[in-house]
Amino acid sequence: MTLKKLLIPSIILTFIGLTFKIGDTVFNLNGNGFFLGSDVCNIIVGCAFVLLFVIGFVMSVSDRKKEFVSEPSKNIACGVSGFLASVMIIGVGVVQLLAWNGVNIVENILAIAAGFVLLYESCISFTGSNGMKKIPVVALIVPIWSCMRFVSLFVDYTTKSLKAVELFDIIEVAFLMLFFYYQSMYFAGVNNKLSVRRAPVYGSVFIMTGLIVVADLFIKMFTGPQTVTNVDTQIVQPTITNILTLVGDFFLCVYAFLLIRDMLSGAEKSIASGAVGTEEDTDGDESEELPVKAPAKPFKVTIPDDVISPESKSETDAEDSPEENTGSDAEPEEKPEQETEESIEDKLPQVAAPAKDPGDTESGAYSDLLDMIDKM
């Protein structure tokens, strides 16, 4: 499977993006200590995740004709990372509800609900038994929550300077939303082939941008300026909500990586085992592949005479094949006539001939003898 090779460019491009972004954050935070400026570093990071998305999309298209089946398998590490991520999501929703700011109540309620759904999906990785197929609609809560988070983050950034916002966290949440959408299809058992093809593409970009954003914001949270010096200064306060969000995003990256690996491994095994073929195998003419069978030869079943009755035996003899009745053409026509005549004579009444008198026989013989003597 081609998508299984996506791991190599993902690791390389993620390492490149992390190197330039961390270098920019550490050395260019209070000056120009890095050998490249902030704008150049951001362009390199942007080109890296765009290139990764293009590579993943091309690999997904190359696997579109392959037929495979991939089901959730038992993976303790995936279950642990998903469990920790769900706990962080639920914690963010609870903390913000307790603050009762009245702004993002719907988002916070969805965050708690999505955390519990993700917790249940993590239990699937513990057991290997997918019970989400019984309640497929519930799986949509997670992508709906990520969509609400995307909208809330976008609205929040409209009040800030574009110079202070690098938009990498918005891109991260956008790809997280797409990954969760196809992950919900995977667990719900809806279009397994499409979900296995698309989830690795969006998930790999989310992992890359998520790790970059988490590293960048953690550094700015603990080493950056704590006061606004100008309109372009980005401040990340070390609040409980921010810490839980970043920790949750990190565990979501780990969870996505392990889940994608299980998806692709299951699909690879199904193709290697030969349980499911490819669509290319069925595109040709089936009549050329199937062997042509010779017509079956007729055969006759011989039944012993003592088994069947005389009536059934006569009927069987009358229904013999034409190959056994090899007489002339006239014979089938004469036999019915003879049978007809005989049947008519049999039906006529038999008249007895008159009996001859024995005396008449003897007198005739005596007169013949006298004639012979006169002639002599």
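Every read-out reported here was derived from the displayed coordinates using simple, explicitly stated rules and does not represent laboratory data. Bear in mind that the values here come from a model prediction, so they are computed numbers and not experimental data. Glycine gets a Cβ as well: all are built from the backbone with ideal geometry, and neighbour counts include every protein chain shown.
What the table shows:
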read-out: ³J(HN,Hα), Karplus 6.51/-1.76/1.60, whole Hz, each residue of the stretch 42-58, x for Gly, Pro; value: 5, 5, 5, 5, x, 5, 5, 6, 5, 5, 5, 5, 5, 4, x, 5, 5
read-out: Charge sum, other residues only, whose C-beta stays under 10 Å from PHE206's C-beta, Lys/Arg counted +1 and Asp/Glu -1; value: -2
read-out: Highest average packing first - 126-134, 206-214, Cβ atoms within 10 Å; value: 206-214, 126-134
read-out: Extension reserve of the THR239-SER273 stretch, reckoned as 0.36 nm per residue once the Cα distance is removed; value: 7.1 nm
